[in-house]
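Accompanying notes for the structure given below.
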Amino acid sequence: MATASPAFALINPDAVGPVIVSVPHAGRDYAPEHLARLRPPPERLRALEDRLVDQLALGLEVPALIARTPRAWIDLNRHEAEIDPGLVEHMVASRLMLTPKVRSGLGLIPRRLAGVGELWRSRLSRADVENRIAAVHRPYHAELERLLDASLNQHGVAVLLDLHSMPPLERVHQEPVRVVIGDRYGQSAAPWATASLAATCARFGLTVAENTPYAGGHIADRHGAPRNGVHAVQLEIDRSLYLDHSLEQIAPAKLVRAQAFVRATVADLTRAAFDSALPLAAE
């Protein structure tokens with residue numbers, strides 16, 4: 001494993017192909033600085049994690065960027081302006097993106113969590129927020145841009161698979177949705193990318209939904225540019241497919257199958273991406 005930054009790790013940096021994997025919500029490395037500032041202990045913040053979803057990226061033969069810094073410290077899937085003005089001193093609300101996520105306490109820097117309450121011992125300074133952005137958020141996105149640009153230049157197409165996990169989505173008198181594909185309602189990826197993911201899910205017998213309840217966040221919105229040959233899709237996988245009954249720890253037998261599904265997803269996306277680039281290459 002090659003370390004791109006203390007805040008995240010890049011595995012398979014020399015792998016060649018059109019698909020790049022991002023895992024922004026798996027971070028669970030709480031530094032002493034984090035623990036000194038946070039009100040609750042780390043074990044009470046697991047609801048913020050895509051619990052152990054980075055384990056699904058092991059064994060992939062494509063570049064994968066995996067967050068180490070916890071989402072509680074800074075959320076890589078939020079815009080830099082999605083800041084709660086009540087959390088940060090001297091912030092001008094008119095310059096911020098007060099989205100529903102921010103208002104619910106889950107902005108760029110989460111403020112509170114249901115069942116836990118306020119996360120920070122005191123309000124944050126603007127300098128603190130700017131330091132977190134400069135040290136973690138911008139380098140992560142810059143590395144994604146570098147990887148996608150390299151893929152686009154080499155192959156004429158690039159696909160970002162933004163890997164997440166979700167709590168089970170139970171439905172009355174229907175099979176639970178096991179996978180949610182988010183392409184920003186067609187804005188961040190071409191239809192062939194979503195179709196490839198849906199076909200892989202069908203082959204594995206997994207029920208799938210598109211854009212509901214997860215349409216893709218800042219990562220897909222920022223990096224997806226289908227008209228320019230860059231496609232970004234958020235993939236949410238039911239945690240019960242690889243965790244135990246408590247949804248806290250890995251279930252080894254389940255993990256093997258879930259890893260096989262992710263590998264197949266990447267392989268299918270790779271073929272679909274190359275197929276999409278063939279007509280352009282022939283022109």
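The values are calculated or read from the model by the stated rules, or taken from the named source; none is laboratory data. Computed from a predicted structure; not experimentally measured. Note that we place each Cβ from the backbone using ideal geometry, even for glycine, and neighbour counts take in every protein chain shown. These area figures cover heavy atoms from the full protein model, side chains too; ligands, DNA and RNA do not enter into them. Shrake-Rupley method; radii C 1.70, N 1.55, O 1.52, S 1.80 Å.
Within the stretch 110-155, the residues that satisfy the criterion of being assigned to a loop (DSSP other than H, G, I, E, B) and open to solvent by 10 Å² or more (accessible area, probe 1.4 Å) are Arg111, Ala114, Gly115, Val116, Arg121, Ser122, Arg123, Ser125.
Residues in the stretch 231-263 that are of a type in the set (A, V, I, L, M), under 19 Å from Cys201 (Cα atoms) and either open to solvent by 20 Å² or more (accessible area, probe 1.4 Å) or in contact with a Gly (Cβ under 8 Å, 6 or more places away or on another chain) (or both): 8 in all. Summed over the stretch 171-199, residues that are within 13 Å of Arg239 (Cβ to Cβ) and outside any loop (DSSP other than H, G, I, E, B) total 4. Checked against the criterion of being free of Cβ contacts under 8 Å to residues at least 24 places away in the same chain, out of contact with any strand residue (DSSP E or B) (no Cβ under 7 Å at 6 or more places or on another chain) and under 29 Å from Asp14 (Cβ atoms), the stretch 155-174 has no qualifying residue. The numbered conditions (1) free of Cβ contacts under 8 Å to residues at least 40 places away in the same chain; (2) aliphatic (A, V, I, L, M); (3) touching a strand residue (DSSP E or B) at 6+ places or on another chain (Cβ under 8 Å) are all true for Val256 except (3). Taken over the stretch 220-255, the criterion of being β-branched (Val, Ile, Thr) and farther than 24 Å from Val159 by Cα is satisfied by Ile250 alone.
For Arg46, state whether it is open to solvent by 40 Å² or more (accessible area, probe 1.4 Å), touching an Asp or Glu at 6+ places or on another chain (Cβ under 8 Å) and either farther than 22 Å from Leu243 by Cα or in a helix (DSSP H, G or I) (or both). Working first, answer last.
Details: open to solvent by 40 Å² or more (accessible area, probe 1.4 Å): yes; touching an Asp or Glu at 6+ places or on another chain (Cβ under 8 Å): yes; either farther than 22 Å from Leu243 by Cα or in a helix (DSSP H, G or I) (or both): yes.
Spelling it out, Arg46 is indeed open to solvent by 40 Å² or more (accessible area, probe 1.4 Å), touching an Asp or Glu at 6+ places or on another chain (Cβ under 8 Å) and either farther than 22 Å from Leu243 by Cα or in a helix (DSSP H, G or I) (or both).
Taken together, the criteria exclude Arg78 from residues that are touching a strand residue (DSSP E or B) at 6+ places or on another chain (Cβ under 8 Å), part of a loop (DSSP other than H, G, I, E, B), charged (D, E, K, R) and in contact (Cβ under 8 Å) with a residue 40 or more places away in the chain.
Annotation: of all residues in the stretch 197-220 being polar (S, T, N, Q) and within 19 Å of the chain's Cα centre (by Cα), the one that is least open to solvent (accessible area, probe 1.4 Å) is Asn211.
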